[in-house]
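The values are calculated or read from the model by the stated rules, or taken from the named source; none is laboratory data. These numbers were taken from a predicted model, which means no experiment stands behind them. Using ideal geometry, Cβ is built from the backbone for each residue, glycine included, and neighbour counts are taken over all protein chains shown.
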């Protein structure tokens with residue numbers, strides 16, 4: 001998801017040495033400008049620490065070709081990530097080494113911002129070590145994402161072809177798919193031996209996603225396949241002769257026939273065998289130490305120590321609150337009936353949906369773009385800093401639209417050459433009601449994910465690991481908070497659109513209930529789906545897809561509401577403490593200009609701001 005910049009590890013020790021020498025070497029300034037010894041020590045430690053943060057980030061990026069490509073780096077453009085046990089053990093060894101290097105920093109000599117970076121880096125590295133025990137507990141292939149779908153998604157959306165070398169690297173990646181999938185199958189086998197297999201309902205999604213890639217030339221005569229069409233379009237844009245283009249296309253066809261096709265067929269065959277061992281229980285409670293694993297996931301996703309029961313109860317309370325606010329809108333529009341009947345009306349009335357045609361899809365994208373463009377004109381009311389990177393709205397591509405989520409965001413490249421993208425899934429227009437269009441656009445675009453993620457990666461004086469990483473509760477909490485902000489400046493003029501905003505907030509509240517229900521209270525998939533159908537206006541198909549998502553991504557869905565509630569609490573705290581001195585633009589600055597930090601860290605930052613402003 002991102003500037004091409006050199007990341008050569010060999011240069012990093014030299015950089016570190018030069019920083020130390022420049023800090024400790026002889027001073028040529030006038031006597032009045034001499035820095036006190038204590039300040040020299042602080043400068044020395046700050047530079048040393050920040051150089052180490054960059055070293056750690058760079059070394060991790062260098063070990064992951066997929067992350068490199070997402071950042072816009074072409075150092076290992078012809079490779080995939082290494083999924084082997086040896087690579088995993090090497091990663092752990094590197095993490096221990098990095099922690100040892102951190103221990104050499106004098107924390108007391110760091111300035112406030114560098115000390116925060118130290119705290120966050122140390123926490124991140126320690127959690128990597130702590131979470132190693134759960135390596136086999138994830139689902140490396142599922143209907144939401146996975147290695148099988150990452151291959152086409154990365155090649156199509158992130159592997160740019162600006163030269164013949166880039167095209168050759170694309171072909172090399174095609175030829176490397178068999179080894180990638182061999183490692184994947186080995187990992188899946190180890191997980192199965194540990195009693196961890198994705199639930200049975202997932203397998204048909206895996207087959208269809210894989211088989212879709214093998215449709216069309218050179219696999220069949222039904223037009224070009226997804227990957228060949230992508231490669232052909234990119235190569236045709238190069239300033240090459242027809243003969244040179246043909247040679248590259250021929251190489252790609254051979255790679256698809258001899259490497260990609262056999263690799264996907266082998267994976268499908270392997271999954272068919274694995275499916276025979278899969279069960280119909282859905283929650284991670286069924287795993288060995290499943291309760292401990294789920295509590296770990298909740299801690300990582302929410303950055304709190306909330307128990308599954310606390311999160312479940314919080315969800316029930318929030319659902320009740322939002323239902324009450326929805327009844328007020330129901331009365332405002334003059335609907336005669338109860339809330340359940342209003343849900344059915346909102347679910348089924350044709351007036352709330354674009355036609356399921358190409359014209360309808362184009363109209364949806366145009367309206368979403370217009371909503372975001374309008375919000376851009378209001379940003380000065382809420383923010384002191386705005387992102388420099390551009391963003392666009394696109395439909396999810398056909399090869400993944402059947403299994404992808406409702407909407408998602410891809411951040412821009414570091415150099416801004418690739419814009420941020422809000423992807424809307426328009427596979428079935430009945431899943432994308434007009435009344436939710438505004439809130440969805442605000443969440444994924446502006447002032448939501450694009451605003452926060454683009455600003456984060458454009459921050460100056462902040463180490464890269466903070467600019468390009470971060471806590472899910474913060475990132476998704478900001479996205480949900482950003483759905484509310486436009487209402488506070490007079491948007492959502494249509495009461496049905498305001499209902500749509502509440503419907504999306506309700507969805508996140510209900511997630512707290514069903515996620516904990518599935519993974520801690522042993523709810524079945526069907527029971528969880530029924531809860532969403534009974535308590536939200538979303539159609540049953542929407543509920544089914546959502547529950548299937550929560551099953552394969554335990555705990556992730558709890559981050560949104562927990563994060564938003566904390567941000568609203570902190571804003572109210574600042575407003576109460578500062579009174580007339582409260583400026584929402586300054587508050588947003590505090591929130592946005594430190595990267596996506598854990599919620600306890602965010603609270604301390606806000607409290608520090610209140611104290612400084614109050615002096």
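Which of the residues spanning segment 511-530 are assigned to a helix (DSSP H, G or I) and buried (at least 19 other Cβ atoms within 10 Å of the Cβ)? Before the answer, list the steps.
Quick first cut of segment 511-530, residues assigned to a helix (DSSP H, G or I) only: 511-519, 525-530.
Of everything in segment 511-530, those that are assigned to a helix (DSSP H, G or I) and buried (at least 19 other Cβ atoms within 10 Å of the Cβ) turn out to be 511, 512, 513, 514, 515, 516, 517, 518, 519, 525, 528, 529.
Within the bounds of segment 160-177, is there any residue that is outside any helix (DSSP H, G or I) and surrounded by fewer than 16 Cβ atoms within 10 Å (Cβ to Cβ)?
yes
Could you look through segment 206-227, keep only residues that are touching a strand residue (DSSP E or B) at 6+ places or on another chain (Cβ under 8 Å) and surrounded by fewer than 20 Cβ atoms within 10 Å (Cβ to Cβ), and pick out the one that is modelled with the lowest pLDDT?
Of everything passing the filter in segment 206-227, 223 is modelled with the lowest pLDDT.
All conditions but one from (1) in a loop (DSSP other than H, G, I, E, B); (2) at negative phi apply to residue 595; the one that does not is (2). For beta carbons closer than 9 Å, sequence separation of 6+ or different chains, a first residue in segment 522-549 that is at positive phi and a second that is surrounded by fewer than 21 Cβ atoms within 10 Å (Cβ to Cβ) and in a helix (DSSP H, G or I), the qualifying pairs are 522/285; 522/286. Of the residues contained in segment 557-567, none is found to be surrounded by fewer than 20 Cβ atoms within 10 Å (Cβ to Cβ), assigned by TED's automatic domain parsing to the domain that holds residue 339 and in contact with a helix residue (DSSP H, G or I) (Cβ under 6 Å, 6 or more places away or on another chain).
From the list 336, 362, 340, exactly one residue is within 31 Å of the chain's Cα centre (by Cα) and assigned by TED's automatic domain parsing to the domain that holds residue 438. Which is it?
Details: 336 fails: within 31 Å of the chain's Cα centre (by Cα); 340 fails: within 31 Å of the chain's Cα centre (by Cα).
Only one candidate qualifies: 362.
With respect to residue 374, is the statement that it is more than 18 Å from residue 455 (Cβ to Cβ) and surrounded by fewer than 20 Cβ atoms within 10 Å (Cβ to Cβ) true? It is true that residue 374 is more than 18 Å from residue 455 (Cβ to Cβ) and surrounded by fewer than 20 Cβ atoms within 10 Å (Cβ to Cβ). Can you tell me which of 344, 371, 319, 385 is over 19 Å from residue 501 (Cβ atoms) and part of a helix (DSSP H, G or I)? On inspection, the qualifying residue turns out to be 344.
Output the helices (runs of 4 or more DSSP H) that fall wholly within segment 400-497 and possess 2 or more residues being more than 16 Å from the chain's Cα centre (by Cα) and over 18 Å from residue 602 (Cα atoms), or say none.
Numbers: elements: 437-444, 449-458, 464-468, 472-488.
Output list reads 437-444, 472-488.
Being part of a loop (DSSP other than H, G, I, E, B) and within 26 Å of the chain's Cα centre (by Cα) is the filter here; which residues of segment 531-584 pass it? Listed by number, the residues that qualify are 536, 537, 538, 539, 553, 554, 555. Of note, residue 203 satisfies the criterion of being modelled with pLDDT of 95 or more, farther than 23 Å from residue 156 by Cβ, part of a helix (DSSP H, G or I) and within 28 Å of the chain's Cα centre (by Cα). Screening 256, 271 for residues that are in a helix (DSSP H, G or I), closer than 19 Å to residue 148 by Cβ and in contact with a strand residue (DSSP E or B) (Cβ under 8 Å, 6 or more places away or on another chain) leaves exactly one candidate, 271.
Do we find a residue being modelled with pLDDT under 95, not assigned by TED's automatic domain parsing to the domain that holds residue 130 and not in a helix (DSSP H, G or I) anywhere in segment 236-253? No, because not a single residue in segment 236-253 is modelled with pLDDT under 95, not assigned by TED's automatic domain parsing to the domain that holds residue 130 and not in a helix (DSSP H, G or I).
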